[in-house]
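Please read the structure below before turning to the comments.
The values are calculated or read from the model by the stated rules, or taken from the named source; none is laboratory data. These numbers were taken from a predicted model, which means no experiment stands behind them. Cβ: placed from backbone, ideal geometry, glycine included. Neighbour counts: every protein chain shown. Surface areas here come from the heavy atoms of the whole protein model, side chains and all, with no ligands, DNA or RNA. Shrake-Rupley method; radii C 1.70, N 1.55, O 1.52, S 1.80 Å.
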Amino acid sequence: MRIRLVLLASLAACGGDEGATVAGNFAPGAASPTSVWVVEAERSAGADTAGFSIAELVPGPASMRLMRGGDTAGVLNVGSLPSGSKLTLHGLRVDEASGLAFPRSIELDGADAVVVNGIRMAPEGRVPENVDAGGAVLGWAPESGAMLLRPENASLPDLRVIVGPATELVGTDGGQAAASSINPGDSVQVQGRFENGYVLASRITIPSRVAATDLPGLAPSDGGADDEPEDEGESTASSSPPTGGSAPRTVVRTTPAAPAPRPVIRSESRGRDESRGRDDSRGRDDGHAREHRNDDRGRGRGNGKGKGNGKG
């Protein structure tokens, strides 16, 4: 029994979870806090111009507040850290607009990358000198030519890309592209040189966008469901909403998309037959009227002549 307890104690000592460590220092000229408060652990650690260090953090995300007295001077949210990892944040500076504290660079042991305030970061040596990476655009400022790219390779940090006058912009179809067509969320391919924490882009391949109106032979379309063909003669959809509760659609058609249906043709034919019948009837009536008038004139002329002859 005693041997068994010793073995269990030894296993617990060797295999016990080791907490993560987060340390940091501040950029020259930046005001340093007096303490750092860890929200999850509900404990604080001292801080000064030399920086701070917090050990034995529970593995996982950590929310920290840089305190100056009783006020929050900055916010530092660190993504999930594995057990035994150590993160060192160099050159911390608080962004006045957001109140978030961002480091200039990091050192990381025990993990490939870590997310700090929503930005994926990794040691500087992780990024190769010549960059050829595909990823998603997180942010784009065309007026300054600054792009933030999240590479598809999870071991790489988010890349700060400089798009300058010498940067070649091409579409996925091989044609030239404009910087104004870049949107956050686009999947792009960036090629360039990594220098001083930035990628100086030489070539960027962006999605090609061709509107339907730019294609020959196609009429403008809003891409909606109303572009589907409807039955001729229908001006509005059913007045009751379809299953699912969506509002009824209104279809307005100004020009028939196909020849008129047969019922309309029969109606026109019937109209022509009726018109032709009315014309024939009117012709016969006119003929009878003329015959009566001729008979009357004939009788009048015959009576006149008879009377004249008798008198003579």
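Taking the stated definitions as given, is Gly139 on the phi > 0 side of the Ramachandran plot and in contact with a strand residue (DSSP E or B) (Cβ under 9 Å, 6 or more places away or on another chain)? Answer is no for this residue. If the condition is being surrounded by 15 or more Cβ atoms within 10 Å (Cβ to Cβ) and in contact with a Phe, Trp or Tyr (Cβ under 8 Å, 6 or more places away or on another chain), then region 95-132 contributes Val116, Asn117, Ile119, Val127, Val131. For region 178-208, residues that are open to solvent by 50 Å² or more (accessible area, probe 1.4 Å), within 12 Å of Val131 (Cα to Cα) and touching a residue at least 40 places away in the same chain (Cβ under 8 Å) total 3.
The set of residues in region 29-51 being over 18 Å from Ala73 (Cα atoms) and open to solvent by less than 80 Å² (accessible area, probe 1.4 Å) consists of Ala41 alone. In this structure, Val22 qualifies as under 38 Å from the mean Cα position of the chain (by Cα), of a type in the set (A, V, I, L, M), at pLDDT 95 or above and surrounded by 11 or more Cβ atoms within 10 Å (Cβ to Cβ). Considered as a group, the residues in region 145-177 that are of a type in the set (Asp, Glu) and open to solvent by 30 Å² or more (accessible area, probe 1.4 Å) include one that is nearest to Arg120 (Cα to Cα), and that residue is Glu152. Any residue in region 119-127 that is within 12 Å of Ala20 (Cβ to Cβ) and not hydroxyl-bearing (Ser, Thr, Tyr)? No; the residues of region 119-127 include none that is within 12 Å of Ala20 (Cβ to Cβ) and not hydroxyl-bearing (Ser, Thr, Tyr). Among the residues of region 52-91, those identified as among the aliphatic types (A, V, I, L, M), under 10 Å from Ala20 (Cβ atoms) and open to solvent by 30 Å² or more (accessible area, probe 1.4 Å) are Ala55, Val58.
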